[in-house]
């Protein structure tokens with residue numbers, strides 16, 4: 001039953017994440033942070049599928065997880081693989097579903113969907129891997145909320161994207177990662193407070 005519940009969480013979180021990326025971020029060449037953001041930069045510059053890029057980029061971090069804490073490795077491997085698959089799967093539907101909204105609104109809604117997807121998976125001790133996985137390590141070391149740690153890592157990726165894509169992409173993507181951090185924190189806040197009280 002535990003495995004079934006985690007599988008449903010990964011499915012639901014991956015769908016939310018993929019909707020945010022494919023329908024709100026990609027149409028305006030906006031970025032999320034972390035490995036997903038780097039995967040999107042690669043997509044915009046080369047045309048490579050972002051999910052496939054995320055898998056390749058996640059290999060070094062999963063290698064670290066294998067040696068550092070195998071539970072993180074096992075809890076996140078399926079989440080990373082499945083979410084990457086769903087991201088590329090839903091990309092085909094962009095040709096049929098196009099939302100006519102301003103870029104700034106799209107950046108906010110993209111952040112909401114991505115933040116909820118990541119936050120829900122983190123709350124049930126799984127994730128998409130990548131820097132979400134790295135942020136979990138660092139948040140435990142520095143006792144910082146995982147959403148805030150993700151925000152710090154994401155900011156570095158957004159700066160890189162601003163240099164390689166455009167200034168407009170930088171400013172709108174900065175708004176996106178702020179919203180992602182907020183909704184990720186909302187999903188994990190009470191859970192982290194409970195863990196601190198019991199530790």
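The values are calculated or read from the model by the stated rules, or taken from the named source; none is laboratory data. All of these numbers come straight from a predicted model, not from anything done at the bench. Quick reminder, even Gly has a Cβ in these numbers, built from the backbone with ideal geometry, and neighbours come from all protein chains shown.
What residue, of 11, 89, 16, is at pLDDT 90 or above, part of a helix (DSSP H, G or I), more than 16 Å from the chain's Cα centre (by Cα) and within 19 Å of residue 117 (Cβ to Cβ)?
89
Determine, yes or no, whether residue 133 is modelled with pLDDT under 80, part of a helix (DSSP H, G or I), crowded, with 18+ Cβ neighbours inside 10 Å and within 16 Å of the chain's Cα centre (by Cα).
yes
Given the options 158, 112, name the one that is modelled with pLDDT of 80 or more and closer than 23 Å to residue 10 by Cα.
Going through 158, 112 in turn, the sole match is 112.
Quick one: is residue 196 out of contact with any strand residue (DSSP E or B) (no Cβ under 8 Å at 6 or more places or on another chain), in a helix (DSSP H, G or I), over 20 Å from residue 80 (Cβ atoms) and at pLDDT 80 or above?
No, not satisfied.
Can you find a residue in region 55-70 that is touching a helix residue (DSSP H, G or I) at 6+ places or on another chain (Cβ under 7 Å) and assigned to a loop (DSSP other than H, G, I, E, B)?
No, region 55-70 has no match at all.
Kindly check whether there is at least one residue in region 61-75 that is more than 14 Å from residue 126 (Cβ to Cβ), surrounded by 22 or more Cβ atoms within 10 Å (Cβ to Cβ) and either free of Cβ contacts under 8 Å to residues at least 60 places away in the same chain or out of contact with any strand residue (DSSP E or B) (no Cβ under 6 Å at 6 or more places or on another chain) (or both).
yes
Quickly run through region 19-47 and pick out the residues that are surrounded by fewer than 24 Cβ atoms within 10 Å (Cβ to Cβ) and in a loop (DSSP other than H, G, I, E, B).
Hits for region 19-47 are 29, 47.
Do we find a residue being over 21 Å from residue 28 (Cβ atoms), at pLDDT below 90, surrounded by fewer than 19 Cβ atoms within 10 Å (Cβ to Cβ) and in contact with a helix residue (DSSP H, G or I) (Cβ under 6 Å, 6 or more places away or on another chain) anywhere in region 162-181?
Within region 162-181 (the criterion being over 21 Å from residue 28 (Cβ atoms), at pLDDT below 90, surrounded by fewer than 19 Cβ atoms within 10 Å (Cβ to Cβ) and in contact with a helix residue (DSSP H, G or I) (Cβ under 6 Å, 6 or more places away or on another chain)), the answer is no, since none of the residues qualifies.
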